[in-house]
Structure formats: C-alpha cells, structure tokens
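The values are calculated or read from the model by the stated rules, or taken from the named source; none is laboratory data. Bear in mind the structure is a predicted one, so any value in this text is a computation, not a measurement. Cβ placement follows ideal geometry from the backbone for every residue including glycine, while neighbour counts extend to all protein chains displayed. Heavy atoms of the whole protein, side chains included, go into the accessibility calculation; ligands, DNA and RNA do not. Shrake-Rupley method; radii C 1.70, N 1.55, O 1.52, S 1.80 Å.
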Amino acid sequence: MKQLFSALLLLFAFLFASAQNTHVKLAHYDESEIISLMKDTETAERTLKSLSDQYEAEMTKMEGEYTRKASEYQQGQPSWDETIKRVRMEEIHTIKLKMQNYYDMASKTLSDKRNELYVPVHKKIDQAVAEVAKEQGFLYVWDVKDLKYHSPQAVDITNMVKRKLGIK
C-alpha cells in the first residue's frame, strides 16, 4: 500500500512539474543512520536498559520461586495426599501465570516507554528534514527505508540533516 501511494505521489509530482514546466527536486535521507548518531538516542537507550534490567531482575526472582516450588512438589509428591498435591500444583500454576502476566506487562511497558522516548527524536529529525527540504527547494523527501530504488541523480540529504541537528 505504501509502495502504491509512493508511486502515485511520485507520478503526481512529475505530472505537476511537467504542467508547470519546472524541475522536480526529490531527495532521500537515512533516518536510522541519523538516529544511531543522536545523543538523545543514547539517553533513551540507557533509560530503556535500566528499566529492562529492573524487569529482568524481578523475573529472575519469580523464576527462582517457580523452580523452588516445582522442586518441592517433586520431592514431596510421593508422600502427599491428593488434596495437598492439588493445592501445591495450583500454587505452581499460579506462579507460572503470574510470570507470564508480568512478562507481558513488562514487554508492553518497555514498548510504550521506547515509543515515548523516541517521539522527541523523530520530531527533531522531521523538523530538520523539513528545514533542509525548504532551504534546498525539494518538493518531496523520503526516508531510504521506504525506497525500493533511487537514481544516482537523486540527492541524499542525510549529511545536511545531520549538520542541521549538530551531528558530526
């Protein structure tokens, strides 16, 4: 769908330019390269790593509890009656469900936090791209991850965007 939209947009740009008898200036940039070099990204990744480490430590505690209960069950099972076995098995099952719920919740929280931390990064890049495009007179600018092909004459503005963001 994106490809179809991009192709139609490009066709429209060429038709518009032909009607106006002007030259269409198109450009592309590599957002992932820019993101990897931004200081904001380092800060975001440190925050995410810290949060992830906390979640992993908690999960390790839960796994230890699960292992301990499962081991107790295996050792005590031969001497327990059915009621005790059932209660202990329910405890183990409850711990396992608790671990799964915790894992799901932690994964969602990390994903939400990643999105939250990267919104300002993407906004900065979008603003810098818009400024460069306006300054250089580009009608359209695409991120290279969305491109299937670009001609050698297409302008790569990645370095211009990096300079605009103060990245060396």
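Here are a few things to note about the model shown:
- What the Cβ-Cβ distance of Tyr118 and Glu90 gives, at R0 = 41 Å and to the nearest 0.05, is a FRET efficiency of 0.45.
- Remark: the Cα gyration tensor places segment 57-128 in the prolate category, a/c being 1.5 or greater and a/b exceeding b/c.
- Less than 5 angstrom separates the built amide H of Trp142 from those of Ala27, His28, Tyr29, all sequence-distant by 5 or more or on a different chain.
- The calculated FRET efficiency for the pair Glu135 and Glu56, based on their C-beta separation and a Förster distance of 41 Å, comes to about 0.35.
- Size of electric dipole in segment 38-120: Cβ of Lys, Arg +1 and of Asp, Glu -1, about Cα centre, debye, nearest 20: 60 debye
- Residue-wise HN-Hα couplings along segment 82-96, as the Karplus relation 6.51 cos²θ - 1.76 cosθ + 1.60 with θ = phi - 60° gives them from phi, are 4, 5, 5, 4, 5, 5, 5, 5, 5, 4, 4, 4, 5, 4, 4 Hz; Gly and Pro carry x.
- Cα-centre dipole for segment 107-168 with unit charges at Cβ (Lys and Arg positive, Asp and Glu negative), debye to 20: 240 debye
- Structure-based [θ]222 nm, the chain - -39500 (n - 2.57) summed over DSSP H runs of at least 4, per residue, nearest 500: -26500 deg cm²/dmol
- Ordering Met59, Pro78, Val129 by Cα displacement along the dipole of segment 44-168 toward the positive end leaves Val129 in first place; charges were set at the Cβ atoms of Lys, Arg (+1) and Asp, Glu (-1).
- Label selected from (i) 0.97; (ii) 0.95; (iii) 1.31, the criterion being Rg/Rh (Cα atoms, Kirkwood Rh) as computed here: (iii)
- The chain, accessible surface, carbon-and-sulfur percent (1.4 angstrom probe): 56 percent
- Selection from Val119, Thr109, Thr158, by position along the positive dipole direction of the chain (Cβ): Thr158
- Computed 3J(HN,Hα) for segment 29-35, one whole-Hz value per residue from the Karplus formula 6.51 cos²θ - 1.76 cosθ + 1.60 where θ = phi - 60°, is 8, 10, 4, 5, 5, 5, 4, glycine and proline marked x.
- Heavy-atom accessible surface of segment 20-168, averaged per residue, reaches 69 Å², computed with a 1.4 Å probe.
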